[in-house]
Structure formats: structure tokens, C-alpha cells
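Single-structure report; data block below.
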Amino acid sequence: MRNVLLLFITAILLSNCNDRQAVNNAIVTNNKDTVTKDTSLDRVNRIFNNPFRDINNFDISFGDNFIDSLHVSYVKKGRSAVTLTKDICIGDNCESWKTIVDKQENTVLYLFKGDGGEYGFSNDQYFLRGDSLVYVRNFSVSIETWPTDSTDTKWKIEEVVYHFQANQPYTRNRTGYTSTLDKFDFSLKDMAAKTSFDIATKLSREKSLELKKLLKMKDSENRE
């Protein structure tokens, strides 16, 4: 009788151990599935090598004729003072910028590139003559719609240009959407633009303040 009882208890213990092992295996498997799950936000980080997103690559054509021709002309002249400020990070966003100063023409061209990780990236340019803004271009890639179990992230790609010293000041906007960001043409060369000549003076002040905030990032106490 005693031997039968021992065999019964041993069987119960072995059964419990097997059950616990099965549960543990399931937990490990589930954790592995969670970690390796390939979401659309994870996939977008694979385009870090894209020259539009690489915040330390300024040897590109940004897709704006005015800015690109201006940039090339300064390089060819070889008389401009050029400085680079790299990898200034605050929170989720990192910025690098190139400053080109031409003392003979009394002009400054700022080329900014920012990266917000899985939230998108930006390219911004500011051209000043004296202390006055002549031309500003804001380009951004941001999340329009967050992903769900059945849909990928919907991305918004937007370019807004402000020409404050044109014969007739104007703004120009180009906007596109995509769920396949790694296949998108960030030069926007085939995208139609909407132009408005109703440009308020306060926009120049707002963009000047925007520029100052970007330049102050390197001196921020929150800088990482």
C-alpha cells in the first residue's frame, strides 16, 4: 500500500513539473514573438542610411531649386566660411546643421537636418540677407495615422516654402502620404505644388523665432 501511495505522489509531482515547464516555455516563446514582431514603426528605422534622413549628410540635393543652386554656388565660390554643428540631441529629436556665411554678400545659409527616430525626420533651410529672412523651406516626415493590428503607419510628407523677398512674396506647399516610406521619393519632384500669395508679415517674425530656437539647441540645459 505504501509503495502504491509513493508512486501516486511521484506521478502528481512529475505532472506539476511538466505543466510548469510548459507554461515557462510558452512565456519564453511569447516574449520572443513580442520582441521580434516587425511593426511598421520598426521597419521605418531601416532607412537610416537614406541621405535625406542622415542628419550628418549635407552633400545632397534637397529637392528645392533655389536652395540647391544657392548651396552649389557657395561651394564653388570657395570664399564662404562653413561650420558644422553635429548631433545635438534633446529628448527624441537630434539635429545637425551646416552654416555658410558669405561676408562679401552679407548672407547666411543655414541647412538643418533633424531625426525624431520612429516618429520621422526633417530638413529645414533658412537663407538670410543681413538680418532679414529671404527664404525658408520646412520639410518634414511625420506620422499622420498610427498603425493598428491590420494597417501600417500612414506617413505625411510635407514641404512648405516661404519666399519673403520675392517681387511678390509667396508660400508654396507640397504634401504627400505613403505607407511605404522606404520607397518614397523625398525630392518631391513629381508632386504638384500649391502656391499662395497671401503671405502675412508676421510669418517672417515667426520663422525668425523658429530659427533662433533651433540655433539655441546647442546651448540648452536639456541637451543630452
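The values are calculated or read from the model by the stated rules, or taken from the named source; none is laboratory data. As the structure is a prediction and not an experimental result, all values here were calculated from the model. Every residue, glycine as well, gets a Cβ built from its backbone with ideal geometry; the counts of neighbours run over all protein chains shown. Only protein heavy atoms, including side chains, enter the accessible area calculation; ligands, DNA and RNA are left aside. Shrake-Rupley method; radii C 1.70, N 1.55, O 1.52, S 1.80 Å.
Tally time: how many residues in region 182-199 are without any contact (Cβ under 8 Å) to a residue 40 or more places away in the chain, over 16 Å from the mean Cα position of the chain (by Cα) and assigned to a loop (DSSP other than H, G, I, E, B)? Residues in region 182-199 being without any contact (Cβ under 8 Å) to a residue 40 or more places away in the chain, over 16 Å from the mean Cα position of the chain (by Cα) and assigned to a loop (DSSP other than H, G, I, E, B): 7 in total. Looking at 50, 45, which is the one that is touching a helix residue (DSSP H, G or I) at 6+ places or on another chain (Cβ under 9 Å), exposed (fewer than 13 other Cβ atoms within 10 Å of the Cβ), polar (S, T, N, Q) and modelled with pLDDT under 95? None of the others qualify; the one that does is 45.
For region 113-129, the criterion of being open to solvent by 40 Å² or more (accessible area, probe 1.4 Å), modelled with pLDDT under 95 and small (Gly, Ala, Ser) is met by none of the residues. Out of 127, 139, one residue alone is on the phi < 0 side of the Ramachandran plot, part of a strand (DSSP E or B) and over 18 Å from the mean Cα position of the chain (by Cα). It is 127. Against the numbered list (1) in a helix (DSSP H, G or I); (2) more than 30 Å from residue 78 (Cα to Cα); (3) over 18 Å from the mean Cα position of the chain (by Cα), residue 216 comes up short only at (2).
Contact annotation: residue pairs with Cβ atoms under 8 Å, 6 or more positions apart or on different chains, pairing a residue in region 201-224 that is touching a residue at least 24 places away in the same chain (Cβ under 8 Å) with a partner that is open to solvent by 90 Å² or more (accessible area, probe 1.4 Å), are 217/223.
Of all residues in region 56-98, those satisfying the criterion of being buried (at least 17 other Cβ atoms within 10 Å of the Cβ) and touching a Ser or Thr at 6+ places or on another chain (Cβ under 6 Å) are 63, 74, 97.
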